[in-house]
Amino acid sequence: MIPDLYAALVAPFADFAFMRRALVGAVALSVGAGPIGVFLMLRRMSLTGDAMAHAILPGAAVGFLIAGLSLPAMTLGGLVAGVSVALLTGLVARATALREDAALAAFYLLSLALGVTLVSLKGSNVDLLHVLFGSVLALDDDALLLLCGVSTVTLFALALIYRPLALECVDPGFLGSVSRSGGAAHLVFLGLVVLCLVAGFQALGTLLAVGVMMLPAAAARFWTDSLAGMFVASITVGTLSSVAGLLGSYHFGVPAGPAIILAAGCLYLLSLALGLRGGVLWRLAPAPRHRTA
Amino acid sequence: MSAVLKLHDVTLGYDRHPAVHHIDGEIAEGALLAVVGPNGAGKSTLLKGLMGALKPLGGRIDRGALGRRDIAYLPQAAELDRSFPIEVFDLVAMGLWRRVGLFGGLRRADRERVAEALSAVGLEGFGRRAIGTLSGGQLQRALFARLLLQDAPVILLDEPFAAIDARTVADLLQIVARWHDERRTVIAVLHDMELVRRAFPETLLLARRPVAWGPTAEALKPERLLEARAMPEAFDDRAPLCGVHAA
C-alpha cells in the first residue's frame, strides 16, 4: 500500500529533476497568481486576465522573432505588449465614450491576431505551440528564477497597494475623498497582472496562464469570507492543482500545462459543490433550526 | 461668521452637459445645510465638486485653507460593494486614513478609537461581522462611525437617511446635531422635506441650477418647490448653449 502510494505520489518528483523543477515553477506561479486572481474576481475583472493573457502574445512573438526561444527576449516583449495594451485600454476608456471592457477586447484581439501572424512568419507550428501552451516540463534555471522573482515582487507590490486596491473595490467614493491613490493602484495592479501572465506563459503558455490565476481564486470564494483567507485558499488550490496536474501528466502521458489547469478546474468544481460558503450541496441541504434573533 | 467654502459661478457636469450650473454663494463655518431637489438636480454632483473629486466645467470653488482630508464624505450606500469580503471594523478603521494613510498600521489606541466609534453608533460587538451581513441601517451606522473617526471640520453626506428606519434616522440625526454644536460644517443631500424643515436651518434647493438658497422656511416655499419640479430631467444633446456667459 505505502510503496504504491510512494510510487504514485512521490517517486515521480524524487526520481526526475524535470518534475521537481516543474513543481517548483508551478507552485511559485500559484503563490503570486492566486492573490492577483482573487483581486481580479472581487473587482469583477475575471475576464480581464484572459484578455491580457492574449494581449501579451505579440510582444512574446516579437521577442521570438528577434532572438528565437529566448527567455529574456520573450519575457521583455510580453511585458511591453501587456503594459501597452493595459495603458491604451485605460487611455481609451477615460478619453472616449468606449467602456474599459470594450476597449480591452478591441486591443487584445488586435494583439492576438498580430502575435499569431508574427509567429507564423518565422516559426514552425511547434514553436507556436510552445508560446501558446508553454513547456512546464522544460523549465531551466533562468525560467525558475523568473517565476520565483515575479511571485516575490507580486506579493510585495500587492502588500504595498493593498489598502487602496481593497478600498477602491468596496467604497470608491470614500477612497476618492481621502486619497488620489486609487488610479495609481489600479495601474500598478494591471502591471502585476501582466507580470504574472508573462511569467506564467513560460510554464503554461499564454492561453493557460490565466487558468492558474482565476480558477484557484474562484474556488477560494467557496471556502472563506475573509480576504486574507481567500489569498491563502487560492494559493493552496493552485499548489494542489500543480501537484495533481503534474502527477496526472506523468502517469497518463498528457501534456502537463493543460493537466494542471484541468486539476484546478476539478478543484473549482469540487469547491462549487462542497464549499462551506455557498457551495451547491449546502444550499440543497435542509436548513437548520433558526435562532430567534 | 467666516465662509468655509465659496462658490464662484460654479458649473459642474459631465461631457459639456451641466448637472448643475452657475451656483454662487458661500457656506459659512458651522453651517448645517440641506441640499434638496428632484432626481438629477445635481445634488450629488455638487458634493463631488465640493470635495474636489470633480473639476468644475466653469467657475471655481474656493476651499480656503481646507485640505483634502479636512472634508469627510459619506457616499450613497448604493455605491458600496457590500459583497466585498471586509469586516465592519476594517471599514470603519479607514476613517483613520488621515493618520494611517496608505501604509500605516493600527496601534492599540487606534483600535480603541475604532471600538469607541462603533459603540457611539450602537454597533458594539459588530466589528468582526462582514459588511454584507449588515442591514441597511446598520451599514449606515458603520459609515457614520467612520465619519466620527475622520474628525473633519467639513462633513458631506449624500443621502444619509435613504431607506433606513425612523429609529436609526433619529440616532444618526443626534450625531449630526452634535457635529453642528461642535461648529463643524455639515452639508447633507436629502429627500425628506419634513426632516429638512425639522432639523436643517439652511437649505439649498437645486434643479440643475440654484432655485433658492437661504433659511429653510424660505427656500422650501411651495412656489419654489413647484419651480424645481419643472426641471427637465434628461440631458438634451440639442439643448441650446447656455447664454449666461454670453450675456
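Whether any residue in the range A:40-53 is touching a Cys at 6+ places or on another chain (Cβ under 8 Å) and within 30 Å of A:Tyr162 (Cβ to Cβ) is what I want to check.
Looking through the range A:40-53, at least one residue is touching a Cys at 6+ places or on another chain (Cβ under 8 Å) and within 30 Å of A:Tyr162 (Cβ to Cβ).
Would you tally the residues in the range B:66-90 being at the interface with chain A (Cβ under 7 Å from one of its Cβ atoms) and within 15 Å of B:Gly137 (Cβ to Cβ)?
The qualifying residues number 1.
Given the conditions (1) surrounded by fewer than 20 Cβ atoms within 10 Å (Cβ to Cβ); (2) part of a helix (DSSP H, G or I), report the number of the one that A:Arg44 does not fulfil.
Of the numbered conditions (1) surrounded by fewer than 20 Cβ atoms within 10 Å (Cβ to Cβ); (2) part of a helix (DSSP H, G or I), the odd one out for A:Arg44 is (2).
Identify the single condition in (1) among the small types (Gly, Ala, Ser); (2) facing chain A (nearest Cβ under 8 Å); (3) part of a helix (DSSP H, G or I) that B:Ala93 does not satisfy, given that it satisfies every other one.
Tallying (1) among the small types (Gly, Ala, Ser); (2) facing chain A (nearest Cβ under 8 Å); (3) part of a helix (DSSP H, G or I), B:Ala93 fails exactly one: (2).
Go through (1) open to solvent by less than 10 Å² (accessible area, probe 1.4 Å); (2) within 11 Å of another protein chain (Cβ to nearest Cβ); (3) not in a helix (DSSP H, G or I) and name the single condition B:Leu33 misses.
Just one mismatch for B:Leu33, condition (2).
Do we find that A:Val237 is more than 14 Å from every other protein chain (Cβ to nearest Cβ), β-branched (Val, Ile, Thr) and closer than 14 Å to A:Gly49 by Cβ in this structure?
No, not satisfied.
Within the range B:103-131, track down each residue that is closer than 22 Å to A:Ser179 by Cβ and open to solvent by less than 60 Å² (accessible area, probe 1.4 Å).
Of everything in the range B:103-131, those that are closer than 22 Å to A:Ser179 by Cβ and open to solvent by less than 60 Å² (accessible area, probe 1.4 Å) turn out to be B:Gly104, B:Gly105, B:Leu106, B:Asp110, B:Val114, B:Ala117, B:Ile131.
Taking A:Ala264, is it within 14 Å of chain B (Cβ to nearest Cβ), touching a residue at least 24 places away in the same chain (Cβ under 8 Å) and crowded, with 24+ Cβ neighbours inside 10 Å?
no
So for the range B:176-187 (the condition being surrounded by 16 or more Cβ atoms within 10 Å (Cβ to Cβ) and within 14 Å of another protein chain (Cβ to nearest Cβ)), does at least one residue qualify?
The answer is yes, given that some residue of the range B:176-187 is surrounded by 16 or more Cβ atoms within 10 Å (Cβ to Cβ) and within 14 Å of another protein chain (Cβ to nearest Cβ).
Return the only residue of A:Ser177, A:Ser226, A:Ser181 being surrounded by 23 or more Cβ atoms within 10 Å (Cβ to Cβ) and either at the interface with chain B (Cβ under 9 Å from one of its Cβ atoms) or closer than 25 Å to B:Leu80 by Cα (or both).
A:Ser177
From B:Leu143, B:Leu149, which residue is more than 18 Å from B:Ala78 (Cα to Cα), part of a helix (DSSP H, G or I), under 17 Å from the mean Cα position of the chain (by Cα) and within 14 Å of chain A (Cβ to nearest Cβ)?
Working: B:Leu143 fails: more than 18 Å from B:Ala78 (Cα to Cα).
None of the other options fit; the residue is B:Leu149.
Scan the range A:54-76 and give yes if some residue there is open to solvent by less than 10 Å² (accessible area, probe 1.4 Å) and among the β-branched types (Val, Ile, Thr), otherwise no.
Yes.
The values are calculated or read from the model by the stated rules, or taken from the named source; none is laboratory data. Only a predicted model underlies this, so the values are computations on that prediction, with no experimental measurement involved. Cβ coordinates were reconstructed from backbone atoms using ideal geometry, including for glycine residues, and neighbour counts include every protein chain displayed. Keep in mind that these areas ignore ligands, DNA and RNA; they rest on the heavy atoms of the full protein, side chains included. Shrake-Rupley method; radii C 1.70, N 1.55, O 1.52, S 1.80 Å.
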